[in-house]
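Values in this text are rule-based calculations from the coordinates and carry no lab data. Source: prediction; values computed, not measured. All Cβ positions, glycine included, derive from the backbone under ideal geometry; neighbour counts span all protein chains shown.
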Amino acid sequence: MRQRGGWLLWTTLVILGLHCLSVDAGNYNNNTRLGPLNRTSNIPKTQDRDDAVKITYPPKQVVLDNGLVQLTFSNPGGQITGIKYHVIDNLLKNKTTQTAYWDVMWRGQLHGFDGKEFKVITEREDQVEVSFISTYNPSFSNDSMIPLTVNKRYIMQRGRSGFYAYVIFQRDEGWPELAINDVRLTFKLNQDQFNYMAVSDTRRRFMPTADDRNLGQQLAYPEAKLLNNATSNPLFHGEVDDKYQYSSDDKNGKVHGWISTKSSVGFWLITPSTEFRAGGPPKQDLTSHVGPTTMCVFSSSHYATEQLCLKFKQGEAWKKVYGPVYVYLNLAGPTRDPTTTLWHDAKQQMHEEVRSWPYNFTRCPDFPVSEQRGSVFGNLQVNDRYINSTSLVPASSAYVGLAAPGEVGSWQTESKGYQFWTRADAKGDFVIKHVRPGNYNLYAWVPGILGDYKYEAEISIKPGSRFELDKLTYSPPRIGPTLWEIGIPDRSAAEFYIPDPYPTLMNKLDNNNHSDASDKFRQYGIWGRYGELYPDHDLVYTVGVSDYRHDWFYAHVTRNTGNVLVGTTWQIQFKLTNMTAPGDYKLRLALASANYAELEVRFNNESKAPLFSTGRIGEDNAIARHGIHGLYWLFDVNVPRSQLHEGNNTLYLTQTRGGNMFVGVMYDYIRLEGPPLR
């Protein structure tokens with residue numbers, strides 16, 4: 001036995017290297033550990049059981065049972081049709097056959113996967129792993145069949161009130177081209193039981209029902225509903241419900257789920273790693289929402305770009321493992337507030353799963369155990385003489401990661417491979433652990449510092465390797481001193497002015513009063529406040545007088561003229577003095593989001609041809625989807641000295657495109673630099 005964070009971890013004997021489809025009947029060695037055992041401090045002793053895991057075969061079904069949880073699958077389809085736990089015979093929704101499933105978006109429609117072959121991978125008293133496989137065979141397939149082999153895996157262990165789920169996607173050489181999006185694992189829960197949802201400490205609340213939504217009034221898009229006929233609870237009447245209000249950055253959304261206050265039972269989806277998810281740590285995805293529904297989104301273009309879609313050329317081979325994720329079930333004993341007890345227990349379980357990653361109990365060679373992975377050590381410093389003229393500055397709290405080789409910042413749009421990220425400490429030291437073997441580039445960005453870093457040499461990770469880098473230096477974009485700046489270079493618009501929501505269009509994101517002002521951007525319709533704040537003219541910001549926290553609207557949106565939505569022009573007024581240094585100036589324009597927008601830059605004459613245009617950029621739709629950021633953009637605009645003059649100057653930022661209230665940009669940071677100091 002070994003101890004990990006106060007948890008008892010059983011170690012067993014397992015032969016490594018068996019093929020994914022082999023059957024493990026009991027031969028094992030001491031390199032494999034089971035997952036962390038469930039705590040019993042906050043849950044009743046009825047869960048502290050040590051029954052063997054059993055597998056049975058009713059007609060057209062497979063049932064896994066460890067005495068705590070009973071899991072029923074269709075056979076050979078592999079759809080989860082029942083989850084029995086405590087007093088609830090089925091945690092899943094009863095009114096649909098699609099209750100728990102893997103799916104993707106293909107040709108504009110969601111496409112699920114029915115297995116054609118069932119396999120038992122491991123069958124021991126302490127663990128059972130099963131597989132449901134749908135195999136693509138080009139010799140017997142037609143255009144209506146997705147060219148993808150899908151292997152759905154589930155693991156149940158002794159003494160665990162939950163189960164693990166993962167999937168292996170595979171394409172072989174010679175197969176037809178393919179484009180898919182929205183790789184998801186979804187659970188639709190029993191509405192008669194689950195009525196309380198938790199996504200974060202500041203977003204947990206009693207929730208309306210699917211019927212409340214169906215009877216509501218659609219707002220600007222189908223996902224947003226005004227609950228003007230809520231029947232489940234009159235307190236929901238007049239609220240807005242929108243699943244995108246519960247999205248989270250992948251780096252933060254490691255646990256979320258639902259609670260049945262009737263039975264004091266929690267259903268939680270725990271994602272212990274982001275290595276298999278697309279788009280890096282700040283990528284936003286859906287979590288849980290009305291249904292009751294909870295899901296893990298592994299790859300999606302939401303809040304990003306269609307470039308994140310998985311696109312394969314004719315004949316392109318590929319394989320990827322998504323997961324494992326852990327479905328955790330917990331039960332609260334007698335308590336005044338079971339929702340808080342269950343939520344805090346779920347967070348503790350999440351931390352245990354994170355500490356146990358990578359799991360060493362899966363029976364698939366495509367998921368390397370910890371001994372088969374490598375690590376990277378290094379230190380990152382920032383070299384900007386206008387921040388510190390005499391020495392380097394540690395890249396404190398930098399995000400440092402390994403992703404597929406590409407251009408600077410390409411990790412934002414990478415979805416086929418794996419990514420591994422960490423945070424540097426106050427000295428700039430970092431360690432990236434548990435990296436799968438393969439070839440990578442090292443990327444980084446530093447909160448408070450403009451731009452992206454890339455280590456030019458590829459890094460080749462081999463099993464058990466320890467890759468130690470020399471001290472790395474990031475020289476951010478810079479030609480001269482800062483003359484003025486607006487915002488904070490942190491890839492978010494959160495520091496800017498976010499208006500109060502409309503009282504008639506509010507979502508009580510947390511009806512237990514745990515929410516704070518930082519969640520205001522999640523409210524529906526706040527983009528419409530721009531026209532109220534600036535009814536007669538667009539935003540004018542005066543450097544040295546205005547305060548971006550109060551005077552810079554969080555999104556550069558369109559204006560409603562009564563008949564049509566049109567682009568808008570914002571002004572930044574500033575003074576220049578002592579323009580004696582020779583050379584041109586530089587405008588740094590960092591965007592936190594862009595959606596079908598085009599931004600033009602002019603100085604001192606709004607009518608002349610633009611000095612710079614971004615062209616049409618972006619499709620992250622973060623304004624509509626209640627995000628405070630989407631995809632990051634950085635533009636460096638050379639400003640000839642002739643464009644400026646001593647005294648008063650005006651920078652015009654024109655978002656030219658209209659026609660839709662969600663066309664626009666969010667700014668991250670704007671800076672004007674003078675010529676280099678000699």
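What ranking do 388-401, 436-449, 139-152, 590-603 get when scored by the average of other Cβ atoms within 10 Å per residue, highest first?
Packing proxy ranking, top to bottom: 590-603, 436-449, 388-401, 139-152.
Work out how far the C-alpha atoms of region 122-260 reach from end to end along every principal axis, then list the three figures in whole Å, largest first.
Principal extents (largest minus smallest coordinate, Cα): 56, 43, 29 Å.
By its C-alpha gyration tensor, with a ≥ b ≥ c as the square roots of the eigenvalues, how is region 274-377 shaped: rounded for a/c under 1.5, else prolate for a/b larger than b/c, else oblate?
Verdict is oblate for region 274-377.
Mind running the shape call on region 329-391? Use the C-alpha gyration tensor, a ≥ b ≥ c as the square roots of the eigenvalues: rounded below 1.5 for a/c, prolate if a/b tops b/c, oblate otherwise.
Oblate, since a/c reaches 1.5 and b/c is not below a/b.
Could you tell me how far the Cα centroid of region 102-117 sits from the Cα centroid of region 388-406, in Å?
40
Express in nm, to one decimal, how much length is gained between HIS434 and GLU316 on full extension, taking 0.36 nm for each residue of separation and deducting their alpha carbon distance.
Once the chain is fully extended between HIS434 and GLU316, it gains 39.7 nm.
Provide the FRET efficiency to the nearest 0.05 for the ASN94-ALA179 pair, computing r from the beta carbons and using R0 = 41 Å.
E(calc), rounded to 0.05, equals 0.75.
Mind giving me the nanometre distance, one decimal, between the label points for ASP337 and THR202, set 7 Å out from Cα along Cα→Cβ?
Going by the 7 Å Cα→Cβ label model, 1.8 nm.
Testing the spin-label approximation: label points 7 Å from Cα along Cα→Cβ at ARG355 and ILE55. State their distance in nm.
3.1
Arrange the peptides 129-137, 453-461 so that the one whose residues have, on average, the most other Cβ atoms within 10 Å appears first.
129-137, 453-461
May I ask for the angle, rounded to the nearest 10°, between helix 338-355 and the longest principal axis of the chain, with both axes built from Cα atoms and the value confined to 0 to 90°?
The answer is roughly 90 degrees.
Could you tell me the center-to-center distance, by alpha carbons, between region 309-371 and region 638-665 in angstrom?
Between the Cα centre of region 309-371 and that of region 638-665, the gap is 46 Å.
Of LYS152/LYS416; LYS93/LYS116; LYS188/LYS262, which pairs sit farther than 20 Å apart, going by alpha carbon to alpha carbon?
Details: LYS152/LYS416 18 Å; LYS93/LYS116 24 Å; LYS188/LYS262 18 Å.
From LYS152/LYS416; LYS93/LYS116; LYS188/LYS262, over 20 Å: LYS93/LYS116.
Over the chain, calculate the relative contact order: mean separation of alpha carbon pairs under 8 Å at least 6 apart, over the residue count, as a percent.
On the way: 1743 pairs, mean separation 74.3, N = 678.
Relative CO of the chain lands at 11 percent.
Dividing the alpha-carbon Rg of region 461-601 by 2.2 N^0.38 Å yields what?
For region 461-601, the normalised Cα radius of gyration is 1.43.
Could you order the peptides 159-169, 66-76, 523-533 from most to least packed, using the average number of other C-beta atoms within 10 Å per residue?
Going by the mean number of other Cβ atoms within 10 Å, highest first, we get 159-169, 66-76, 523-533.
Which shape class, rounded, prolate or oblate, goes with region 51-125 when its Cα gyration tensor gives a ≥ b ≥ c as root eigenvalues, a/c under 1.5 marks rounded, and past that a/b bigger than b/c marks prolate?
Taking the square roots of the gyration eigenvalues as a ≥ b ≥ c, region 51-125 is oblate.
Can you compute the FRET efficiency between LYS262 and GLN218 using 1/(1 + (r/R0)^6), with r the Cβ-Cβ distance and R0 = 30 Å? Round to the nearest 0.05.
0.50
Assuming R0 = 30 Å, what is the FRET efficiency of VAL566 and THR504, from their Cβ-Cβ distance, to the nearest 0.05?
It comes to 0.70.
Based on alpha-carbon centroids, what's the gap between region 573-604 and region 439-460 in Å, whole number please?
If you average the Cα positions of each part, the centres end up 26 Å apart.
Mind pulling up the Rg/Rh value for the chain? Radius of gyration and Kirkwood radius, both on Cα. Could the numbers behind the result be given before it?
On the way: Rg = 26.8 Å, Rh = 27.1 Å.
Using only Cα positions, Rg/Rh for the chain is 0.99.
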